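Everything on this sheet refers to the single structure shown next.
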Amino acid sequence: MCGPQRGKRRLHEKPNRVQVEACLPWLESELALVRPNALVLMGATAAQALLGPEVRVTRDHGRPIASDLAPLVLVTMHPSAVLRSRDRAARDAALEGLVADLRRAA
């Protein structure tokens, strides 16, 4: 079968440590060049790659995190996590949290 399988298997798998480490120098260079005023890290992979393994999206989302990356750094859930929510109520709550975090960043 060509292409990603559908069903219970996720179409896009979380990148492994080697893949994250391979992209990190490029991302750090990009941030140094752009020097953003605000940086929103969407999902645990992005948050932990740039801020360290102690960051937890569920605990730390929506509040400023001290970092040299930007004057304002926030973490939030990845939009795909909203889509993977188990039911309508969970999806609505997840979307509301994501939007609230983005409003804080704005």
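Descriptive notes on the structure:
- Estimated Rh, the range 16-68: Kirkwood, alpha-carbon pairs, angstrom: 12.0 Å
- For the chain, the ratio of Cα radius of gyration to the globular rule of thumb 2.2 N^0.38 Å stands at 1.18.
- For LEU39, distant residues with modelled amide H under 5 Å away: LEU72, VAL73, LEU74
- Each Lys and Arg Cβ is given +1 and each Asp and Glu Cβ -1; about its Cα centre, the range 37-103 then shows a dipole of about 220 debye.
We did not get these values from a lab; they are worked out from the coordinates using the rules stated. Everything quoted here is computed from the prediction, not taken from an experiment. Using ideal geometry, Cβ is built from the backbone for each residue, glycine included, and neighbour counts are taken over all protein chains shown.
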